[in-house]
Structure formats: C-alpha cells, structure tokens
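Report on one structure; see the data block that follows.
The values are calculated or read from the model by the stated rules, or taken from the named source; none is laboratory data. Predicted, not measured: the structure shown is a model, and the values here were computed from it. No Cβ is skipped: glycine too gets one built from the backbone with ideal geometry, and neighbour counts run over all protein chains shown.
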Amino acid sequence: MRILRLAKAAVAAATIAVSASSAHAAGSGIHYESQDWSFSGIFGTIDHAAAQRGYQVYRSVCAGCHSMNLVSFRNLEGIGIPEHTIKVLASEAEIATINGDGETVMRPRLPSDRFPAPFANPQAARASNNGALPPDLSLIAKARANGPNYLYALLTGYHEPPAGMTVSEGMYYNAAFEGHQIAMAPPLSEGAVEFSDGTKATVEQMAHDITTFLMYAAEPHMDERKRTGLKVVLFLFVLTILLYFVKKKVWADLH
C-alpha cells in the first residue's frame, strides 16, 4: 500500500508539471522574465527566510485589501516561524464566535484560525476600492500559468505610460498586466517594510519575498511532495535493476 501511495504521488506530480507547461503555452502574449526562485525544479524548496519576509510584506502592505481565507496562522510553522510567535500573531486579531448562551462575542484568534479578512463581504471590498474586488491571495501563485514570474512582474511593473497612451481615471499603468491598465495602486515602495532580519526592502526584494510566501501558501506541501517524488523515482530505479537480475536468474537455465 505504501508503494502504491508513493507511485500515485509521483503520477500526480508529473500531471501537475505537464498541466503547468500546457497552461503556460496557452497563456497571455506578455513575456514574464524568469526569476531565480528557490522552489524551481525538482530539487527546489521554499526559502524560509524569504517566505518569512514575504509574510511581513503581506501583513504590512497587502492584508489591508487582500484576504487569504484558506490560510491558517498555524501554517506559518511551515516557513520556520516559532509556535509561540504564531500564537502572538494570531491573538492580535479577533474573531466572532458563539458563547454558551448563544450570544456572539469576540475572542482573540488561535493558531488554528484563518487569517482575518480585511472586509466583511465582497460588497464592502468593492465600495472601498472604487468598484474593484481585490482577489483572495491564498492560491494566487497557482491560479495561472507561470504564476510566480507573473506576480513578480506585476508587482514591479508599474511605470509611467508610454507616449501616446491615455490611462483611464482611477487606473494605473502596469507593463505586466493584460491591457496595461490596473485598478490596484502600486502596492510596494522603497522601504515600505522594515524586515526583521535587516534585509534592505527594495521593491524588487519585497516582490520576490511576497511571491515566495504566496507560493508556499498555495502549495504548503510542495517540499514534502518533491521529496516523496524523488523517493519514488529512486525506488523504481532500484526495482528495475532488481527485476532485471531476477529475470536473468529465472531464465538462465532456458538459454
């Protein structure tokens, strides 16, 4: 049974890789330059330091507009944030719950609770963003082909519009966005976050780090999946060699 599970994991990993490749080929006509991601390739893993900085960027910059409704505070353990720190981070936000008398009361969040949403409902979100609905970021890194490179390009793609192009009122020019007009104001600016590890918070650094964190959030078991896949490949390689010698031994007397 364990061998069967490992084989299924390998097939699933291969299917994801093929799907991503196909989706990339069918994507938009905009070229997104490939960045140096720690998680790229079959041996790649999530850079915990970068992901922790990325969480700082989300918490300080993105969380005011974008929810992450599928992510719990305890998921932060996967990027190396200590349990006691997670408890403190969770407790800083309250959540509505029902007490023993059936009344709605507010309590500090627990590590098992999801990240708080910035708005009560989509209507409130649109009302605060000139009619635009900020997307939930839980799966944004996997929501489209070439997701990490797209996110990085989007976050660093704000420029003055080229000569002759008129940007509509309330919109911003972004070279990486289809149509090149986006409702989201430039979210990152030099020094917007003071990283706890002393890393200089350039726009490029923050874009790289938040993308790494969003990639982890979208696929928190990536490292484990890749390790399992490598074990499966190694097992199949050894099994093939053993079967070859068994075949030679069994058929030796018939030749």
Q. On the given criteria, is PHE213 in contact with a Phe, Trp or Tyr (Cβ under 7 Å, 6 or more places away or on another chain) and under 13 Å from GLN52 (Cβ atoms)?
A. yes
Q. Just one of the numbered conditions (1) in a loop (DSSP other than H, G, I, E, B); (2) in contact (Cβ under 8 Å) with a residue 12 or more places away in the chain is not true of GLY102; which one?
A. (2)
Q) Restricting to the stretch 127-139, what's the tally of residues that are more than 16 Å from GLY64 (Cβ to Cβ) and not polar (S, T, N, Q)? A) 2
Q. Of ALA176, ALA201, which residue is more than 17 Å from the chain's Cα centre (by Cα), of a type in the set (Gly, Ala, Ser), surrounded by 11 or more Cβ atoms within 10 Å (Cβ to Cβ) and more than 21 Å from ALA63 (Cα to Cα)?
A. ALA176
Q. Could you list, in sequence order, the residues of the stretch 179-188 that are polar (S, T, N, Q) and either within 16 Å of ALA63 (Cβ to Cβ) or under 21 Å from the mean Cα position of the chain (by Cα) (or both)?
A. none
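Given the options THR212, THR199, name the one that is modelled with pLDDT of 95 or more, touching an Asp or Glu at 6+ places or on another chain (Cβ under 9 Å), part of a loop (DSSP other than H, G, I, E, B) and at negative phi. First the steps, then the outcome.
Numbers: THR212 fails: part of a loop (DSSP other than H, G, I, E, B).
Result: THR199 is the single residue among THR212, THR199 that is modelled with pLDDT of 95 or more, touching an Asp or Glu at 6+ places or on another chain (Cβ under 9 Å), part of a loop (DSSP other than H, G, I, E, B) and at negative phi.
Working only within the stretch 44-71, note down all residues that are outside any helix (DSSP H, G or I), buried (at least 18 other Cβ atoms within 10 Å of the Cβ) and either touching a strand residue (DSSP E or B) at 6+ places or on another chain (Cβ under 7 Å) or of a type in the set (A, V, I, L, M) (or both). Write out each step before concluding.
Applying the first criterion (outside any helix (DSSP H, G or I)) to the stretch 44-71 yields 44-47, 63-71.
In the following step, the residues that additionally are buried (at least 18 other Cβ atoms within 10 Å of the Cβ) were identified as 46-47, 63, 65-68, 71.
Across the stretch 44-71, the qualifying residues are ILE46, ALA63, MET68, VAL71.
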Q. Can you find a residue in the stretch 76-89 that is exposed (fewer than 15 other Cβ atoms within 10 Å of the Cβ), within 26 Å of GLU190 (Cβ to Cβ) and modelled with pLDDT of 95 or more?
A. no
Q | Qualifying residues in the stretch 223-248 (those that are farther than 24 Å from ASN75 by Cα and of a type in the set (Ser, Thr, Tyr)) - the one modelled with the lowest pLDDT | A | TYR244
Q: May I ask you to list the residues in the stretch 101-125 that are farther than 24 Å from ALA90 by Cα and at pLDDT 95 or above?
A: GLN123
Q) Looking only at the stretch 211-239, which residues are closer than 30 Å to LEU188 by Cβ and of a type in the set (Asp, Glu)? A) GLU219, ASP223
Q. How many residues does the stretch 132-152 contain that are over 17 Å from GLU178 (Cβ atoms), surrounded by fewer than 21 Cβ atoms within 10 Å (Cβ to Cβ) and either under 12 Å from the mean Cα position of the chain (by Cα) or among the polar types (S, T, N, Q) (or both)?
A. 4
Q: Please work out if ALA192 is more than 22 Å from SER34 (Cβ to Cβ) and surrounded by fewer than 18 Cβ atoms within 10 Å (Cβ to Cβ).
A: yes
